[in-house]
Structures are given as C-alpha cells and as structure tokens.
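Asker: Dumping the structure here so I can ask a few things about it.
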Amino acid sequence: MVGTPGTALVVLRGNSGSGKTTVARALQQRLGRDRLAVISQDVVRREVLWAHDTPGNPAIDLMDLMARFALDRGLSVVVEGILHPDRYGDMLRRLARDHLGRTVAYFWDLPFEETLRRHRTKTKAAEFGAAEMRDWWYGRALVDGLQETCIGADASTADVLGVVSADCGWDTAREAR
C-alpha cells in the first residue's frame, strides 16, 4: 500500500494539447508548496529519460516509482500526460489500487481539431504540429477499471480546477499557503 488516507492521487489523461499540464500546474500553484507533486509524462519520458513512447518504455516504471515516493512522504500527486491506456493502463490501475487515500481520474474527451486549436496557443507550438499530433492521437480510450470522468471541450480550466478540487476535498482558497 502507498500514501496515507489524507493523500490524493489525481490522474489527468488525454490526447496532446488537451490542457492536462495547465490544470496540473494550476492545482500545484493553488495548493501551495510542499503539498502536491506533479509527475508529467512529457518531462519524465522526453526530458529525463529521452525515451520513445513505446510499450514497456522506462518512463512507465519511473513515473510509478516517483508517484509512490511522493505519496509515501505525504504529498498528494498528479500523474499527467497522454498516458496511452495500452502502455500505461496497468501501472495506473496498480497505483490506484495500492493508494490508501482518495484517487480520482479524468480524461479529456476532445475532438482532434480542438486539441490542435489549443496547441496553437501554447509557447511550445513550434516544437511540433498537426502531423505529429495526428500520429499520437488515439481518440477516446479510457483505462478499464480507473473510473475516469470525461472532460469535454466546453470545460474551461477554471471549471476543471473546481471539479478536481471538489473531488479531492480541497478548499484551495482556504488551504493555499
């Protein structure tokens, strides 16, 4: 078992350009220092390990290890990224099963065109474009057994922050340090 009854595990999944990282960083800012660890698939896989997103890639195990480390030290954790269910599903299910606290999961269910529109507004838009995003696209593919809440194109960042905070029992206005 991992974490405590007071820790939260938040899984944010969806196709590239959905808004997962934006929500994760906003949650971290709202909760304040030493409260929430954000484990980003892009950072772990692309920057730390410089690995391709293939079945069995080392980022899967490292993300699991990082989440468990943070949870065991009393931090709540956001695991976020594309997190394709065929590659990351087993790890996410094990982590959710082993977590002693509250676990919530969300999937951005957006049309490809909307993720492309959102991507164009980001500072890293020049790093990759529509062709790469189309290659990464997997549509609506939920992780069996994870009980993901779907987030649609009409949900704003503020809407999602409110839902996640409420689901985790966080009163971010009162709790921020």
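Each reported figure results from applying straightforward, stated rules to the coordinates on display, with no laboratory input. What you see is a predicted model; the values in this text were computed from it and never measured. A quick note on method: Cβ atoms are made from the backbone with ideal geometry, for glycine too, and the neighbour counts reach across all protein chains shown.
Asker: Taking every pair of distinct Cα atoms and averaging 1/r, then inverting, what Kirkwood hydrodynamic radius in Å comes out for the chain?
Answerer: Evaluated on the chain, it is 16.4 Å.
Asker: Please identify, among E80, E127, E47, the residue showing maximal mean-square fluctuation in a Gaussian network model of the chain using a 10 angstrom Cα cutoff.
Answerer: Result: E127 has the largest fluctuation of those listed.
Asker: Using modelled amide H (1.01 Å from N, peptide plane; none on Pro or chain starts), what sits under 5 Å from the amide H of V2, excluding residues fewer than 5 places away?
Answerer: Placed amide hydrogens put H99, L100 under 5 Å from V2.
Asker: With each run of n ≥ 4 DSSP H residues scored as -39500 (n - 2.57), what mean residue ellipticity at 222 nm is computed for the chain after dividing by its residue count and rounding to the nearest 500 deg cm²/dmol?
Answerer: Taking each H run of at least 4 residues, the total per residue is -12000 deg cm²/dmol.
Asker: The stretch 100-177 to the stretch 1-77: how many Å between their Cα centroids?
Answerer: 13
Asker: Please compute the volume of the convex hull spanned by the alpha-carbon atoms of the stretch 87-177 and report it per residue in Å³.
Answerer: Normalising the Cα hull of the stretch 87-177 by residue number yields 145 Å³.
Asker: With the crude spin-label approximation of a point 7 Å out along Cα→Cβ, what separation in nm comes out for F128 versus D86?
Answerer: Simple spin-label model gives 1.6 nm for this pair.
Asker: Provide H84, H119, H52 in ascending order of the number of other Cβ atoms located within 10 Å of each residue's Cβ, fewest first.
Answerer: H52, H84, H119
Asker: What is the gain in length, in nm to one decimal, between Q28 and T157 on full extension, counting 0.36 nm per residue of separation less the C-alpha to C-alpha distance?
Answerer: 45.1 nm
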